[in-house]
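Everything on this sheet refers to the single structure shown next.
The values are calculated or read from the model by the stated rules, or taken from the named source; none is laboratory data. Keep in mind the model is a prediction, meaning the values are calculated, not measured. Every residue, glycine as well, gets a Cβ built from its backbone with ideal geometry; the counts of neighbours run over all protein chains shown.
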Amino acid sequence: MALQFPGVKEHFSELLEQLRHSLIRMGAEVERQIQLAMEALIEMDGEKARDVIVRDAEIDRMEIEIEDQAVQLLALQQPVAVDLRFLIAALKINNDLERIGDHAVNIAEGAERLSIQKPFKPFSDIPYMAEVAAGMLKQSLDAFVNRDAALAKQVIRRDDVLDEKTVSIIRELLTYMAEHNSLITYCLELFSIAKNLERVGDLATNIAEDTIFIAEARWVKHGVTQLP
């Protein structure tokens, strides 16, 4: 057993709290990126889309910083029990947040390309899909902050709604493409945006699953519960 010196445990707790706050800040930045990317799409605002793309560098920087924090705590402090679970989950959540940021960039890039075109209809149900995905992300982060397994489970259940909506939108877009050749490029952009939003929901679900791991010491993956 590692020796415990006075003040070491308190310092470790402070470092864990710093890491938690770093993840919260990154989560807030990623939420903002998704919101701005969708605003850029709906408003046909190419400048706002470019702002999202430029700001992705800050999310990349935050990911590297958080990973370094977590790895150092794992290597130097030899955590156990809930602290170990938190650090393992923090590394995974950090990666998932960075990937959500990448999807925000993908959406923004599509919005920038579409900003020079006149929409043939109000983007199908993509704004609703974005609302669901953003809501899942917010709830998953709230669950993480509060170690709320019940809220995390709600996020996981909502993923089916997002998957169903993705299928519905794709079917609708395929119909437009079949009937109007001139809309193929436009529909393909919306198709890509819908798939990116679906992935945001998948990654929010990952965060929710990791929150359950922290709170209840069990994995919930792909609908299968694995007890430790």
Answer with yes or no whether Val105 is of a type in the set (Val, Ile, Thr) and more than 19 Å from the chain's Cα centre (by Cα).
-> no
Pick from Leu162, Leu174, Leu84: which is of a type in the set (A, V, I, L, M) and in contact (Cβ under 8 Å) with a residue 24 or more places away in the chain?
-> Leu162
Being under 17 Å from the mean Cα position of the chain (by Cα), outside any loop (DSSP other than H, G, I, E, B) and more than 30 Å from Ala217 (Cα to Cα), is that true of even one residue in the stretch 154-164?
-> no
Pairs with Cβ under 6 Å, 6+ apart, first in the stretch 181-204 and at pLDDT below 95 and among the aliphatic types (A, V, I, L, M), second assigned to a helix (DSSP H, G or I) and surrounded by fewer than 19 Cβ atoms within 10 Å (Cβ to Cβ) = Leu183/Tyr176; Ile184/Met177
Picked from the stretch 159-198 (must be basic (Lys, Arg) and surrounded by fewer than 19 Cβ atoms within 10 Å (Cβ to Cβ)), the residue nearest to Ile42 (Cα to Cα) is Lys195
Output for the stretch 114-145, where each listed residue is modelled with pLDDT of 95 or more and either of a type in the set (D, E, K, R) or farther than 12 Å from Leu197 by Cα (or both) | Glu131, Lys138, Gln139, Ser140, Leu141, Asp142, Ala143, Phe144
